[in-house]
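Down below is the structure, laid out as structure tokens.
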Amino acid sequence: MPRNLPSLTSLLAFEAAARHLNFTAAGKELHLTQTAISHQIKNLEDHLATRLFVRRNRALVLTTAGQQYLESVRDAIGLLQSATARTRDEKSTEVLTIHCLPTYAMQCLIPRLPEFQALHPNITLQVLTHSTFDQFRQRSYDIAFRYGTGQWRGLKTQLLQSEEIFPVCTPTLAQGINPEAPHAALAQLAQIRTYFSSTYQDDWPVWLEAAGLGNIEFAREIIFNLQVTSLHAIVNGIGVGLGRTPLIDTYLREGTLSAPFKLKLKTGSGYYIVCPEDKAEHRRIQVFWKWACETLGAQPDE
């Protein structure tokens, strides 16, 4: 059956150009001229019948369609790289593809990976991060770290860490908050919000209602669409945000963040390690699964 696919050269050119936002830099990386990169992008846009890049004030910018296409192209290139490496080096090296949400990868997984690499140098890790839950439905991974309730068909699952939510801020801001009478202090501070989509808001209203602070008024709201950017804003002292364990555990332990209120709410969700059931017996998956459960604190399913 014929497949209406663009050329691999045009996809590689697009990925490199999107990463550098510069055709000349992309050409140097791929050993092509700037003109050749431009030609490949033009062919790809014609094939898709849509613009992938626009120029604004002489700067190269991805269109909305280009941003969406880029995530899929990167996944496809990553899979090809994994398959190539696996086929080429299958006698000496195994490649393990891991999918993960960005904030969990940064705060929980990546700091511990050197330990795994030291124990298993023959397993090459490929970590792909996705900011939307839909990407995990493709199941093109060996292992994934997913957020939710653990109810996913066709997957082997193990709860690693349950989630609690509560306000956090820098110690400097926390010093000015009296948890027994916080209204005056919070009225001077920004409320950091995370809206994952136009229809989904964070759990601030739930926590405030449970704390008896449903009528609280902050100085202003600052809204982000990703946990990682919200957390970065909190760490930089921009305002008070809703912390979620285990994403903030290291910051609390090191004293970078403080929790000015005692109330912590369980959300009923948590972070799970999962793998497709038809891959569960693969050696590399079993090795990483055992290590992750021991290292990241596997808990009995609730």
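List of remarks:
- Any hit, the stretch 188-196, residues being at pLDDT below 90 and in the same structural domain as THR250 (by TED's automatic domain parsing): yes
- The stretch 65-76 residues that are in contact (Cβ under 8 Å) with a residue 12 or more places away in the chain, paired with ones that are part of a helix (DSSP H, G or I) and among the basic types (Lys, Arg) (beta carbon under 9 Å, 6 or more apart): LEU70/ARG19; ARG74/ARG19
- The set of residues from the stretch 42-74 being in contact with a Ser or Thr (Cβ under 7 Å, 6 or more places away or on another chain) and surrounded by 12 or more Cβ atoms within 10 Å (Cβ to Cβ) comprises ASN43, LEU44, ARG51, LEU52, PHE53, ALA65.
- Hey, ALA16 assigned to a helix (DSSP H, G or I), modelled with pLDDT of 90 or more, closer than 26 Å to THR124 by Cα and touching a Gly at 6+ places or on another chain (Cβ under 9 Å) or not: yes
- Among residues of the stretch 243-267, those that are surrounded by fewer than 18 Cβ atoms within 10 Å (Cβ to Cβ) and in a strand (DSSP E or B), counted: 3
- Matching residues in the stretch 53-72 - criterion: being farther than 18 Å from PRO102 by Cα and either part of a helix (DSSP H, G or I) or touching a strand residue (DSSP E or B) at 6+ places or on another chain (Cβ under 9 Å) (or both): PHE53, VAL54, ARG55, LEU60, VAL61, LEU62, THR63, THR64, ALA65, GLY66, TYR69
- Listed by first and then second residue, the pairs with beta-carbon distance under 6 Å, at least 6 apart or on different chains, first residue in the stretch 25-54 and more than 11 Å from ALA13 (Cα to Cα), second part of a helix (DSSP H, G or I) and of a type in the set (A, V, I, L, M, F, W, C), are THR50/ALA65.
- The combined condition, being among the polar types (S, T, N, Q), surrounded by 18 or more Cβ atoms within 10 Å (Cβ to Cβ) and not assigned by TED's automatic domain parsing to the domain that holds VAL235, is not fulfilled by THR124.
- For the stretch 219-227, the criterion of a residue being without any contact (Cβ under 8 Å) to a residue 60 or more places away in the chain and in contact with a Gly (Cβ under 7 Å, 6 or more places away or on another chain) is satisfied by at least one position.
- Checking each residue in the stretch 168-205 for being farther than 13 Å from PRO260 by Cα, β-branched (Val, Ile, Thr) and surrounded by fewer than 15 Cβ atoms within 10 Å (Cβ to Cβ) picks out only THR199.
- Residues in the stretch 150-175 that are among the β-branched types (Val, Ile, Thr) and modelled with pLDDT of 95 or more: ILE165, VAL168, THR170, THR172.
The values are calculated or read from the model by the stated rules, or taken from the named source; none is laboratory data. Computed from a prediction, not measured in an experiment: that's the story for all the values here. Here Cβ is always computed from backbone atoms with ideal geometry, including for glycine, and neighbour counts include all displayed protein chains.
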